[in-house]
Amino acid sequence: MALIKTKGLIIREQPYKEQDKILTIFTEDEGKIQCIARGVRRQKSGLLASTQIFAYSEFVYYPGKNFGIINQANLIEAFYPLRTDLTKMALASYLLDLMYNAYEFYQKSPEILKLLLHVLFYISGGKARNDLVLVGAFQMKLVSYLGYRPVLERCMVCQHDQDLTHFSIEQNGLVCRDCREQSPGYLYKLNPAMLELLRDFLKQPIKQLKDREIDPAEALKLSDLLDHYISCCIGKSSKAYAFYKTMLNP
Ligand SMILES: [Zn+2]
């Protein structure tokens with residue numbers, strides 16, 4: 001069997017046998033894969049750092065029917081600060097969870113992987129004014145990339161583009177003040193600043209959004225909205241987001 005070499009981000013890990021791990025890796029070339037990493041829970045393992053959650057490494061592995069077997073792993077970026085700040089860790093874990101839930105095994109998405117690495121880089125390095133703006137941007141860009149771009153230009157009921165005051169999860173987009181009462185399902189109220197940011201999540205690059213200022217409570221509402229929307233679109237919800245929320249209100 002030929003060895004495969006590819007870069008990837010570890011998005012999930014679970015202990016296996018006495019000293020091994022099963023890793024879920026989102027790789028550049030092979031998409032989402034699962035590999036067994038032998039002996040990496042020993043403190044003396046040379047692969048300890050490169051096979052931890054959040055690690056972005058270059059992997060060499062033997063492909064298998066269900067699991068690959070890691071042969072080599074060279075750490076490229078550990079995103080170390082994510083491990084020492086609980087809030088950042090909770091947010092970053094949520095992003096990994098989204099990535100895990102959004103893709104099937106062997107499904108590839110190098111563009112979204114690249115986006116995620118940029119977001120983790122900024123969050124880990126403390127380079128964003130508000131980490132939640134980057135989380136919101138990732139949520140929006142991911143769900144749009146998956147084919148569920150919400151309609152943010154006009155009312156989903158009457159098609160007018162004025163007085164757009166609510167987001168309807170069920171109707172995949174905005175509804176206006178006059179139509180909100182006849183809209184089924186859950187509605188999120190948006191003020192003009194929130195609506196503008198929601199649109200900018202789609203249009204603006206992460207590099208620009210990292211400097212964006214917003215009321216933290218409004219940023220959180222947008223993340224709530226997008227997490228709810230994503231759960232409905234992909235049919236899976238994230239426990240990591242629920243964990244992040246309980247951390248905010250213990
Ligand atoms: Zn309307």
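Observations, loosely collected:
- Pairs, first closer than 12 Å to Ile70 by Cα and in the same structural domain as Ile69 (by TED's automatic domain parsing) in segment 16-35, second part of a strand (DSSP E or B) and among the charged types (D, E, K, R), C-beta under 8 Å, six or more apart: Lys21/Glu13; Ile22/Glu13; Leu23/Arg12; Leu23/Glu13; Thr24/Arg12; Thr24/Glu13; Thr24/Lys32; Ile25/Lys32
- As for segment 202-218, it holds at least one residue that is acidic (Asp, Glu), more than 12 Å from the ligand (Cβ to nearest atom) and without any contact (Cβ under 8 Å) to a residue 24 or more places away in the chain.
- Candidate set: segment 107-126, residues that are open to solvent by 10 Å² or more (accessible area, probe 1.4 Å) and among the polar types (S, T, N, Q); chosen: the one farthest from Gly31 (Cα to Cα): Ser124
- Residue tally, condition buried (at least 19 other Cβ atoms within 10 Å of the Cβ), within 18 Å of the chain's Cα centre (by Cα) and either at pLDDT below 95 or over 15 Å from Gln107 (Cα atoms) (or both), over segment 11-38: 2
- Scope segment 155-172; condition within 11 Å of the ligand (Cβ to nearest atom), out of contact with any Gly (no Cβ under 8 Å at 6 or more places or on another chain) and under 30 Å from Lys210 (Cβ atoms); matching residues: Asp161, Leu164, Thr165, His166
- The set of residues in segment 49-75 that are farther than 10 Å from Lys5 by Cα, crowded, with 16+ Cβ neighbours inside 10 Å and free of Cβ contacts under 8 Å to residues at least 40 places away in the same chain contains only Ser50.
- Filter result for Leu134 (within 21 Å of Ser57 (Cβ to Cβ), crowded, with 21+ Cβ neighbours inside 10 Å and touching a Phe, Trp or Tyr at 6+ places or on another chain (Cβ under 9 Å)): no
- Highlighted here are the strands (runs of 3 or more DSSP E) found entirely within segment 1-81 that include at least 2 residues which are closer than 20 Å to Ser124 by Cα: 4-16, 20-27, 56-62, 68-77.
- Residue that is farthest from the ligand (Cβ to nearest atom) [pool: residues in segment 173-184 that are open to solvent by 50 Å² or more (accessible area, probe 1.4 Å) and in contact (Cβ under 8 Å) with a residue 12 or more places away in the chain]: Pro184
- The set of residues in segment 76-88 that are open to solvent by 40 Å² or more (accessible area, probe 1.4 Å) and either acidic (Asp, Glu) or more than 15 Å from Leu9 (Cβ to Cβ) (or both) comprises Glu77, Pro81, Thr84, Asp85, Leu86, Thr87.
- Screening Arg154, Arg129 for residues that are in contact with a Leu (Cβ under 8 Å, 6 or more places away or on another chain), among the basic types (Lys, Arg) and open to solvent by 30 Å² or more (accessible area, probe 1.4 Å) leaves exactly one candidate, Arg154.
- Filter pass, Ser237 being in contact with a helix residue (DSSP H, G or I) (Cβ under 8 Å, 6 or more places away or on another chain) and open to solvent by 50 Å² or more (accessible area, probe 1.4 Å): yes
The values are calculated or read from the model by the stated rules, or taken from the named source; none is laboratory data. Remember, it's a predicted structure, so these values are computed and weren't measured experimentally. For neighbour counting, all protein chains shown are included, and Cβ atoms are generated from backbone atoms with ideal geometry for every residue, glycine included. The area values use the complete protein model at the heavy-atom level, side chains included, leaving out ligands, DNA and RNA. Shrake-Rupley method; radii C 1.70, N 1.55, O 1.52, S 1.80 Å.
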